[in-house]
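The values are calculated or read from the model by the stated rules, or taken from the named source; none is laboratory data. Bear in mind the structure is a predicted one, so any value in this text is a computation, not a measurement. Note that we place each Cβ from the backbone using ideal geometry, even for glycine, and neighbour counts take in every protein chain shown.
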Amino acid sequence: MVFKLLGINGSPKKPTAKTNSYFLLNTTLHSAKEQGIETTLINLTDYKINLCNGCEVCTTEPCPLDKDDDYPLIEALIQEHDGLIIACPSYWAGPPGILKNFLDRSRDNKMPKQIWEGKLFSAISVSGLRVGGQEAVISQLTTFGLAHGMLIVGGTGHPWFTAPFPTGSMMYEEVKDDEIKIKFRHVKKDIIATRDAEALGQRMAEVGKKLFV
Ligand SMILES: Cc1cc2nc3c(=O)[nH]c(=O)nc-3n(C[C@H](O)[C@H](O)[C@H](O)COP(=O)(O)O)c2cc1C
């Protein structure tokens, strides 16, 4: 038996060499795969997910919107995997609308039965600014995971230098001849976030193998 880890990229941008959440998520999954586990990465932009309209049917029955969109495809993928990592940018210190709607639509996976209970969960976030709401996003996503009964896992690489959840930023400072310039870059040049992403992949694989294999 193999531990299976699913990554969801919750950026509304189609992944390209310029996008950021995809890069950190891919880094984490790549590092997990190196530990011998199975990984899958999906992009929310490839799925049509209708807006939750708050009808509350999901408290007792499957969501009626499931009939007309791709939500059941993602639901089935989560069901097939033992662990889930969601990565997204900070939009006003929260998840972007495309991901928030996905989180809302997941309510019929919690009610009446918590069908994702016991799966591993973690989160990754990226901001334009150095302090741009990354931790607020992580807090929302981990609360989502906890509410579904999932077990939160964070990276534990170096005892001093590794943060449990990768939080990248595009903003950085360049110091040259005592002059400081504030600039933006791709998150792959955020070495700390990249290392945290690798550490998270290793930890997910380690915990997954202990609990699921
Ligand atoms: C609507 C919108 C809201 C944003 N809000 C914030 C914000 O609150 N703080 C911040 O630092 N960056 C903000 N950004 C910038 C994104 O977080 C940044 O571009 C992110 O790294 C993009 O990630 P991606 O390439 O994975 O889509 C915002 C961008 C958009 C389009």
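If you go through the stretch 125-164 and pick out every residue that is touching a Cys at 6+ places or on another chain (Cβ under 8 Å) and either hydrophobic (A, V, I, L, M, F, W, C) or in a loop (DSSP other than H, G, I, E, B) (or both), you end up with 3. Of the residues L41, L24, the single one that is of a type in the set (A, V, I, L, M, F, W, C) and part of a helix (DSSP H, G or I) is L24.
Restricting attention to the stretch 18-39 and to residues that are within 16 Å of the ligand (Cβ to nearest atom) and touching a Lys or Arg at 6+ places or on another chain (Cβ under 9 Å), the residue that is nearest to F165 (Cα to Cα) turns out to be L24.
In this structure, does G155 turn out to be of a type outside the set (A, V, I, L, M) and touching a Lys or Arg at 6+ places or on another chain (Cβ under 6 Å)? So G155 passes the test.
Comparison of I49, I86 shows that the only residue that is outside any helix (DSSP H, G or I), in contact (Cβ under 8 Å) with a residue 12 or more places away in the chain and away from the ligand (no atom under 16 Å from the Cβ) is I49.
Yes/no per residue for (1) aromatic (F, W, Y); (2) out of contact with any Leu (no Cβ under 6 Å at 6 or more places or on another chain); (3) away from the ligand (no atom under 15 Å from the Cβ):
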{"site": "K4", "(1), (2), (3)": "no, yes, yes"}
{"site": "N9", "(1), (2), (3)": "no, no, no"}
{"site": "T60", "(1), (2), (3)": "no, yes, yes"}
{"site": "W92", "(1), (2), (3)": "yes, yes, no"}
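Suppose the filter is out of contact with any strand residue (DSSP E or B) (no Cβ under 7 Å at 6 or more places or on another chain), farther than 23 Å from E34 by Cβ and within 16 Å of the ligand (Cβ to nearest atom); does S169 pass it? No, not satisfied. Residues considered: I42, I74. Of these, the only one that is surrounded by fewer than 19 Cβ atoms within 10 Å (Cβ to Cβ), within 29 Å of F212 (Cα to Cα) and more than 13 Å from the ligand (Cβ to nearest atom) is I42. Working only within the stretch 103-133, note down all residues that are in contact (Cβ under 8 Å) with a residue 60 or more places away in the chain and within 15 Å of the ligand (Cβ to nearest atom). If the condition is that a residue be in contact (Cβ under 8 Å) with a residue 60 or more places away in the chain and within 15 Å of the ligand (Cβ to nearest atom), then I124, S125, V126 are the ones that fit. Only residues that are at positive phi and of a type in the set (G, A, S) were counted across the stretch 73-113, and they come to 1.
For D69, the conditions (1) away from the ligand (no atom under 16 Å from the Cβ); (2) charged (D, E, K, R); (3) without any contact (Cβ under 8 Å) to a residue 24 or more places away in the chain; (4) within 28 Å of L129 (Cα to Cα) all hold with the exception of (4).
Looking at (1) surrounded by 13 or more Cβ atoms within 10 Å (Cβ to Cβ); (2) acidic (D, E); (3) modelled with pLDDT under 95, which one does D196 not meet, given that it meets all the others? Unmet for D196, out of (1) surrounded by 13 or more Cβ atoms within 10 Å (Cβ to Cβ); (2) acidic (D, E); (3) modelled with pLDDT under 95: (3).
Consider the stretch 124-134. How many of its residues are farther than 18 Å from T28 by Cα and either buried (at least 16 other Cβ atoms within 10 Å of the Cβ) or among the basic types (K, R) (or both)? The qualifying residues number 3. Just checking, does the stretch 170-184 include any residue being surrounded by 15 or more Cβ atoms within 10 Å (Cβ to Cβ) and in a helix (DSSP H, G or I)? No; the residues of the stretch 170-184 include none that is surrounded by 15 or more Cβ atoms within 10 Å (Cβ to Cβ) and in a helix (DSSP H, G or I).
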